[in-house]
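The values are calculated or read from the model by the stated rules, or taken from the named source; none is laboratory data. Just so it is clear, the model here is predicted, and its values are computed rather than measured. Every residue, glycine among them, receives a Cβ derived from its backbone with ideal geometry; neighbour counts consider all protein chains shown. Side chains included, ligands, DNA and RNA excluded: accessible areas come from the protein's heavy atoms. Shrake-Rupley method; radii C 1.70, N 1.55, O 1.52, S 1.80 Å.
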Amino acid sequence: MESIPLATGLTPPLKLAWQSSTSLRVAAAGNGRLYGITSDGSLVAMNGTTGELVWAGKETYLPTRLALSGSELFAYVAGKGLFRVRDTGNGSEEQLLVSFGLTASTNISTPVFQDGWLFMAVDKSLVATHLSRGSLAGASLPDVQPFAVVPIGESAVVTLDGKGTPSRYYLLSNNQLSLVWTGEVANAGAGQAERPYLVVGEQLLIGIGEEIVAYNLENGRIAWRRGGMPTGALLRAGDQLFAAGIGARLTAMRLSDGAVLWQRGYLFDRALQRETGLAATASQVFMGSILQTNPDGMLLLAVDAASGNFRWLSRGVTQPWVGGLPLQAGETLFCYGGPRTGAYMPLSTPISLTPAHIAVTPRPLRGRASEFETGQITVEMAEPARVSIAFYRERTGLASPVVANANWGRGTQRASWTPNGAGGYTDANQFGYVQVDVVPNSGEPYTQSLLLPVNTFPDILTHWAVASIEAMVYNKLLSGYPDQMFRPDNLLNRAESCTIIAKTLGLTGPSPGFQTKFTDLSGHWARNAILALEERNIVGGFAEPDGTFTFRPDLNMTRGQEARILVVAFNIPAAPDGFHSKFTDISSHWAKNEIMALEKAGYINGFAEPNGTFTYRPDQNLTRAEICAVVVRIRNLTR
């Protein structure tokens, strides 16, 4: 069976510089230090290079909000108000900046800075104070509780209420805050204490529920919204937008037009995560998570920014690596939010590895241990080193050791493994990965991680729809071919489409006694699925010259035909009157209304043409990958 190598160009870019038992609930980095508030309310400063505690403040702060501006920190103290804390080098000076009644249940925002002013929202008030002049400004907010204030430039800020609705305020020359507009309501519902947001050009992007909503900062109208998006964290890196969410799902979007470049689901199921965060370098995206059940409660995942390919995972075999919420400061990546705080820094001597360095056979698939055969790990050693290898399963964090502290020389080394109850693959809701710790005879130790593909076929590892395909296979809505290939770009015929839709709807066949009008389905393998959809008026057929009707099950399905089936099958609401489609090739097409319904709901993207326009190509035949992508978005399926 084919082996699965490491991703091309994978290198271990960071080493664990330090870890501390200090647990930070919220953090900020700057001045060569990591600042944070512990769960008991202590504001601390840690040396960013060594992790040593430099000083701790005297007040007890609310461990929910912390802002850093230069060498000054801003945080809240219950019963007193907002404090300014100056880092004096070996200690701190604490000063009450704005006094107001404050309890742990008071709704407050993280302070933000604009043109020398500090802005914050407290319950139903927007407050601004000038940091050098001491001037105060205020405004009453609408009858909603704010959760964030966003600086947008030129003495202007936007408040976000509990439903994610923005309101824009302008700070006048007489120190008065004037309401410019209140934005269009996104109908997101209440109950979420905080939502991620990002300012990109003239738009404000907010993660609301399972979608990203983009507001026009000029008028507060919704510019666009895209459904099926994970929205636990948003990050801009270069010309890309990254969105991460519960379930370790990560989406890369193009900033210029919002097109999805890739979307993947990685490590843990939705129930395990409580929080997630993002950081990025030019080539990598770091997604950190705080987990519910894992013994150390934290993970840090690094993926390739251009493709989403897995790079490494912060779990060592012989050394305790640190995960959690990532915070980038220069060349240091801090992690906090769980039982430990730590920092990663670049290796002083980068390790050069190729795909041939580590390989695993056989190719593992998601399932119970009994479904796996004994396998083999092949490691091509570039130099003599002490090596430890283990398999992990994430729900318990337990490892199945394969090799422990073996002294290996240069060249090819092999070790056999067998899945068992101590680790590896014992539950359908877990994942597995190989972790290889290498301690060279000379130089710095490093760790290589190889995420073992689950429900992954050799021909989709770099495909744009890999995450959607894996989700469909995991949910048993589609399968591969007997030779273990998926063939994502193969065309989908009408019978195959009906089978997928019927499975997604939980239909196994028509009602007893149902009489089909189609004359060409006798003995066909997909007859029951087609009839189940025919009975519910989800599919139609072809009127023949002799007065009969046929379904033509082996005819390729077009993108327009599939659009009509999807809209009827999943009750997709029609696009409102006046909706303007971005697609330039559907104006006279018979499936125009159905295509626009899917477009308005954010379920389809279309094709970006070289001239800058977008097309849908409704008469083009549908591929297996395309049906996976749209069904996953509609049903919000995960692996």
Would you kindly find the accessible area of residue 283, with a 1.4 Å probe and non-protein molecules such as ligands, DNA and RNA excluded, rounding to the nearest 10 Å²?
60
Considering only C-alpha atoms, what is the centroid distance from region 564-579 to region 612-639, in Å?
15
Full extension between residue 90 and residue 590 adds, at 0.36 nm per residue less the Cα distance, a length in nm of 172.7 nm
For region 510-625, accessible area per residue (1.4 Å probe, heavy atoms of protein chains only), Å²
52
How much accessible surface area, in Å² rounded to 10, belongs to the heavy atoms of residue 554 with a 1.4 Å probe?
100
Under a 1.4 angstrom probe, counting protein chains only, how are 170, 481, 336 ranked by accessible area, largest first?
170, 481, 336
Order by accessible surface, 1.4 Å probe, largest leading, for residues 438, 260 comes to 260, 438
Can you give the accessible area of residue 181 in Å² (nearest 10), computed on protein heavy atoms with a 1.4 Å probe?
30
Give me the net charge for the shell around residue 218: Cβ to Cβ below 12 angstrom, other residues only, Lys and Arg +1, Asp and Glu -1.
+1
Using Cα-only point scatterers and the Debye equation, what is log10 of I(q)/I(0) for region 86-179 at each q in 0.13, 0.21, 0.24 Å⁻¹, rounded to two decimals?
-0.45, -1.05, -1.28
Quick check for region 466-621: number of Lys pairs with alpha-carbon distance under 20 Å, counting only pairs 8 or more apart or on different chains?
4
Can you list the lysines whose alpha carbon is less than 25 Å from that of residue 124, not counting same-chain residues fewer than 8 positions off?
80, 163
